[in-house]
Amino acid sequence: MESVELKINGRIYPLQIEKNWTLLFVLREVLGLTGTKCGCGTNDCGACRVIVDGTAKNSCCLIARKLEGCEIETIEGLARGNELHPIQKAYIEAGAVQCGFCTPGMIMSTKALLDANPDPTEAEIREALSHNLCRCTGYVKIVEAVKLAAKWMREEALKQV
Ligand code: FES
Ligand code: FES
């Protein structure tokens, strides 16, 4: 076991972890942050996607102890109390959630995209989601959800100017 501090959703967690534990294992099995899903465990599906220092990454392939000092964001960090994040609301509004298993990973890829690029083209949206697999929706409604979230977030940003 090694002592490591991880910063997740703005909170520091002092942890004792094994050298080879992945971030996904630590999130789900140590911290109980089960919003991040395990679809494949082999870097193929994107269900485990989180944001590390602004970039969406598959947490099943990140060694947790190497992430000390990084800003890690998970799906649990998006809502403010009972108020869902605009991206979460947009996925619901657009009907982009069916079984929901891929949704946290999709939403984290969406957040990384919109944080960096508030007005993406459809091609940029599809590229940003190209590491996320969905077995249910056919992707059309997911792309619609990202466009809707981008619109709402731009409108919100304008109100604050
Ligand atoms: S569980 Fe990580 S990519 Fe599938
Ligand atoms: S909604 Fe079921 S896998 Fe995407």
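Some points to look at:
- Meets criteria (without any contact (Cβ under 8 Å) to a residue 24 or more places away in the chain and either in a strand (DSSP E or B) or away from ligand 2 (no atom under 13 Å from the Cβ) (or both)) for G41: yes
- Condition broken by K66, with the remaining ones in (1) closer than 15 Å to E5 by Cα; (2) part of a loop (DSSP other than H, G, I, E, B); (3) not acidic (D, E) satisfied: (2)
- Pairs are defined by a Cβ separation below 9 Å, a sequence spacing of at least 6 or placement on different chains, a first member in segment 60-88 that is in contact (Cβ under 8 Å) with a residue 40 or more places away in the chain and of a type in the set (S, T, N, Q), and a second member that is surrounded by 13 or more Cβ atoms within 10 Å (Cβ to Cβ) and part of a loop (DSSP other than H, G, I, E, B); the pairs so defined are T74/N9; T74/L33; T74/G35; T74/T36.
- Flag if K7 is outside the structural domain of K111 (by TED's automatic domain parsing) and over 28 Å from R135 (Cβ atoms): yes
Residue-wise test of (1) within 16 Å of ligand 2 (Cβ to nearest atom); (2) crowded, with 21+ Cβ neighbours inside 10 Å; (3) over 9 Å from the mean Cα position of the chain (by Cα).
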{"residue": "C45", "(1), (2), (3)": "yes, yes, yes"}
{"residue": "V52", "(1), (2), (3)": "no, no, yes"}
{"residue": "S59", "(1), (2), (3)": "no, yes, yes"}
{"residue": "R65", "(1), (2), (3)": "no, no, yes"}
{"residue": "I72", "(1), (2), (3)": "no, yes, yes"}
{"residue": "I75", "(1), (2), (3)": "yes, yes, no"}
{"residue": "A79", "(1), (2), (3)": "no, no, yes"}
{"residue": "L84", "(1), (2), (3)": "no, no, yes"}
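- Look at (1) closer than 30 Å to G41 by Cβ; (2) part of a loop (DSSP other than H, G, I, E, B) and you find that V161 fails only one, number (1).
- For segment 80-101, a residue qualifies if it is under 16 Å from I51 (Cβ atoms) and either at pLDDT below 95 or part of a loop (DSSP other than H, G, I, E, B) (or both), and exactly one does: H85.
- Counted residues, segment 113-135 - those being part of a loop (DSSP other than H, G, I, E, B), surrounded by 12 or more Cβ atoms within 10 Å (Cβ to Cβ) and within 16 Å of ligand 1 (Cβ to nearest atom): 5
- Scanning segment 19-38 for residues that are touching a residue at least 40 places away in the same chain (Cβ under 8 Å) and either within 16 Å of ligand 2 (Cβ to nearest atom) or not in a strand (DSSP E or B) (or both) returns K19, N20, W21, L23, L27, L33, G35, T36, K37.
The values are calculated or read from the model by the stated rules, or taken from the named source; none is laboratory data. Values in this document were obtained by computation on a predicted structure and should not be read as measured data. Please note: Cβ atoms are built from the backbone with ideal geometry, for glycine as well, and neighbour counts cover all protein chains shown.
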